[in-house]
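Encoded as structure tokens, the structure appears first; notes follow it.
Nothing in this text is a laboratory measurement; each read-out follows from the coordinates by a stated rule. A quick note: this is a predicted structure, and the numbers were derived from the prediction, not measured. Virtual Cβ from ideal backbone geometry, glycine too; neighbours counted across all protein chains shown.
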């Protein structure tokens, strides 16, 4: 199966009636093609040039003319750095599994949450950190009253407001113990003790770190596995089911998946029940052009590269499904849907955490599989901003097709919308080609070189085929077969 040719039918540049992201009719257009058969290597190369699939339909945005700029985004799963919000989200889900707790954070609890925030030792090295902390974390000093007696014997009050900016001693905050957390005081005391031995402040901090005074950061797996306790209220089970080709295990859960999907589309996306048919569900999320590629790896968690459904079961009830493609270099997220009854658990982001965990698990057996492709990052769409919070993440430059750290791209995108992300202007697209002569064409059951096809059919479609090879790149142009009916 791994040597099977990919067969595609190119539709050219097509206009889109309305944009699903900004809900406007500004004339967005995509390159489109039908993916009859697709091996996993070719699809890996296609998504590295900005292509995505919806069922068996492949599309790539014409970004320069788009109303919304669709940048392909990926995260390095093996180097993942969890944010504070990600940790809180996982802990909230774990509390539900272990204790059945589904309480949300209310406005009155916000200050309590901030008070429990650990302040790292590095924060003391920021310029005027004491001032910034007193302004943002703690209450302002109360107005002190000085009582004085005048010559006439009258008692008067003189208000004295102590401004932090007038305090020269940066340890002033330590004196005001009732306004600082105990942990902050302990850190400052530890630094002071080491400095008394003749070390500078920077050396003191380095010494304290080397002694591992602060706990090691937990891994993603450690956070996620905290819900696996013997006395938990609920039982969580996550199943990875191959969806293409269809197998008995997937067919047994098809009806259950469809019911969850229908709830999700009608409640979350406000689709009509008539639109959410079983046929539409199959076409959109079950049918896949990917031909499974067998993995000759012992004890690997999967047997094939290809399309899967990642199912989340709680107490034998299906609550969410992640539709994914597992490719040679990445796990590509196609879609995620869940039972709206559990929307307070933020299952979309939690599902991303579990998919990242799956990549890290697979990478032990398949070293090349390192990245998590999250689809498109659209800066103008607030619902897409969450993708940028996975660190480290990278955006695909639409001109050089190289990966650029998202932290260096956001200012450009904010200012220009569409732009070249790669900073070196001399860097070019090394996979670009306009050579159509070597393209293979499937015509009436025969595979021909494009030049021979043109001679036989006398078809004037060279402009469309040139657009095709330019959009898919040199690698795919030489390996995929273009169907011409």
Seminar exercise, completed: Pseudo-spin-label distance residue 81 to residue 435, built 7 Å along Cα→Cβ, given in nm, is 4.3 nm
Exercise. Label residue 202 and residue 299 with points 7 Å out from Cα along Cα→Cβ: what is the distance between them in nm?
Worked result: 4.6 nm
Seminar exercise, completed: Projected area averaged over all directions for the convex hull of the alpha carbon atoms of segment 175-280, nm², comes out at 15.1 nm²
Exercise. Using alpha carbon coordinates only, what is the Rg to Rh ratio of segment 334-374, with Rh defined as the Kirkwood radius?
Worked result: 1.09
Exercise. So, by mean Cβ neighbours within 10 angstrom, what's the order for 267-279, 225-237 with the highest one leading?
Worked result: 225-237, 267-279
Exercise. Given 20 °C and 1.002 mPa s, how large is the Stokes-Einstein diffusion coefficient of segment 218-333 in µm²/s, with Rh as the Kirkwood radius over Cα pairs?
Worked result: 133 µm²/s
For this session: At 0.36 nm per residue, minus the direct Cα-Cα distance, what do residue 239 and residue 343 gain on full extension? Give it in nm, one decimal, please.
Result: 35.4 nm
Exercise. Per the Kirkwood treatment, what hydrodynamic radius in Å, one decimal, follows for segment 370-471 from the mean inverse distance over all distinct Cα pairs?
Worked result: 16.7 Å
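Using r as the Cβ-Cβ distance of residue 268 and residue 246, and R0 as 30 Å, what FRET efficiency do you calculate, to the nearest 0.05?
Details: r = 26 Å, r/R0 = 0.88.
So the FRET efficiency works out to roughly 0.70.
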Exercise. If each of residue 419 and residue 209 carries a label point 7 Å out from its Cα toward its Cβ, how far apart are those two points in nm?
Worked result: 3.2 nm
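Could you give the length gained on full extension between residue 313 and residue 447, defined as 0.36 nm per residue of separation minus the Cα-Cα distance, in nm?
Value of the extension gain: 43.6 nm.
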